[in-house]
Amino acid sequence: MNITEFIKKSPKAELHLHIEGTLEPEQMFLFANRNKIKIPFKNIEDVKKAYNFSDLDSFLKIYYEGAKVLINEKDFFDLTWAYAKKCKEDNIVHTEIFFDPQTHTERGISFDVVINGIHKAMQKAEKEFGLSFKIIMCFLRHLDEDSGFKVLNKAILHKDKIYGVGLDSSELGHPPSKFEKLFKKAIENNFITVAHAGEEGPPEYIWEALNLLNVKRIDHGVQCLKDEKLIEKLSKNKIPLTVCPLSNIKLRVFDNLKDHSLKKMLDKKLIAMVNSDDPAYFGGYLNQNLIETQEALNLTIDDIKTLLINSFKSSFLNEEKKKEWINKI
Ligand code: ADE
Ligand code: ZN
């Protein structure tokens with residue numbers, strides 16, 4: 001079996017995926033038409049042309065614009081169901097997905113509409129495909145902590161559906177320390193915590209996420225290589241880093257996939273793995289990320305095995321389930 005076949009056929013876990021980032025241009029038009037929402041694009045070609053980003057903020061502007069077509073529970077259900085079908089195609093057997101309630105509540109959509117649509121689709125996928133899942137609610141870090149408390153209070157009412165909380169959106173100028181109290185309350189209410197840190201932001205933001213937000217994983221974290229002490233801490237404490245290679249290229253964190261630091265991270269014994277972030281915007285789902293990264297960095301089959309094992313190990317599955325999947329790789 002060649003390495004691409006190995007990637008496609010192996011069972012996989014995805015740990016860094018924004019459900020709003022799976023909104024394909026075709027769906028954007030479909031939802032816009034059925035909800036009578038105006039979008040600033042004439043056709044699909046037009047949309048694809050706009051997906052030419054210079055950094056994280058230039059992407060987020062278009063991403064939040066796209067999300068405005070999501071109005072009803074059925075939209076959130078259909079979006080999530082389409083992603084679940086991609087999981088089946090890619091042999092993803094476990095997925096931990098992010099959603100950003102404030103992107104929707106800030107424009108008048110109710111929290112319940114969002115979470116119920118997403119959760120019902122994931123439950124259907126669990127039943128029909130055996131896909132296991134966790135849902136993680138992210139706070140938008142460009143908003144203030146008070147806005148975060150409002151959605152946290154809603155999440156507490158949906159604790160049966162939401163496993164943890166995270167932190168995303170515009171990183172520079174919005175350090176984890178801005179949300180220390182909010183994360184403390186989330187932990188008191190038994191949510192696990194993760195945070196985007198060190199995507200564009202400095203190693204200091206990763207330190208803050210670890211020390212102030214008590215995160216179990218760092219999302220992205222690629223900037224950690226600038227700080228030897230941090231590398232030591234991350235590897236000693238086995239803190240996973242949910243790396244997203246195609247995202248990093250589209251958002252110009254690295255100029256070229258050949259320059260990506262993933263292999264260096266593995267060499268330093270960091271627990272890194274490959275994820276897809278916002279696949280509809282960045283050029284591919286999990287298999288595509290793995291295949292392109294393998295080619296660009298000349299990863300061996302053992303490197304790929306390490307990446308796939310790291311995903312299951314770093315997941316929030318129970319130990320027995322982790323072992324079961326790892327034995328099947
Ligand atoms: N929201 C969606 N994708 C994101 C990313 N890559 N970084 C920060 N926030 C995001
Ligand atoms: Zn992300």
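Here are some notes:
- Solvent-accessible area of the chain (1.4 angstrom probe, protein heavy atoms only): carbon and sulfur portion equals 49 percent.
- Semi-axis lengths, Å, the chain, gyration tensor of Cα atoms, sqrt of 5 times eigenvalues: 27, 23, 21
- Extending 7 Å from Cα along the Cβ direction at ILE44 and again at GLU128 yields two label points whose distance is 2.1 nm.
- Efficiency of FRET between ASN2 and LYS269 - r from beta-carbon atoms, R0 30 angstrom, step 0.05: 0.65
- Potential extension, ASP55-LEU157 segment - 0.36 nm per residue separation minus Cα distance: 33.2 nm
- Among the trypsin sites (Lys or Arg not before Pro) in region 233-329, those placed in a DSSP loop whose Cβ has at most 16 other Cβ atoms within 10 Å are LYS238, ARG252, LYS268, LYS269, LYS328.
- 222 nm mean residue ellipticity, helices alone, for the chain (DSSP H n ≥ 4; -39,500 (n - 2.57); rounded to 500): -15500 deg cm²/dmol
- Extension reserve of the LYS233-LYS181 stretch, reckoned as 0.36 nm per residue once the Cα distance is removed: 16.3 nm
- For LYS321, the lysines whose Cα comes closer than 18 Å to its Cα, not counting residues fewer than 8 places off in the same chain, are LYS12, LYS127, LYS134, LYS305, LYS313.
- Region 134-199: trypsin sites (Lys or Arg not before Pro) falling in loop per DSSP and having at most 12 other Cβ within 10 Å: LYS159
The values are calculated or read from the model by the stated rules, or taken from the named source; none is laboratory data. Nothing here was measured: the structure is a model prediction, and the numbers come from that model. Quick reminder, even Gly has a Cβ in these numbers, built from the backbone with ideal geometry, and neighbours come from all protein chains shown. In case anyone asks, the SASA skips ligands and DNA or RNA and just uses the protein heavy atoms, side chains included. Shrake-Rupley method; radii C 1.70, N 1.55, O 1.52, S 1.80 Å.
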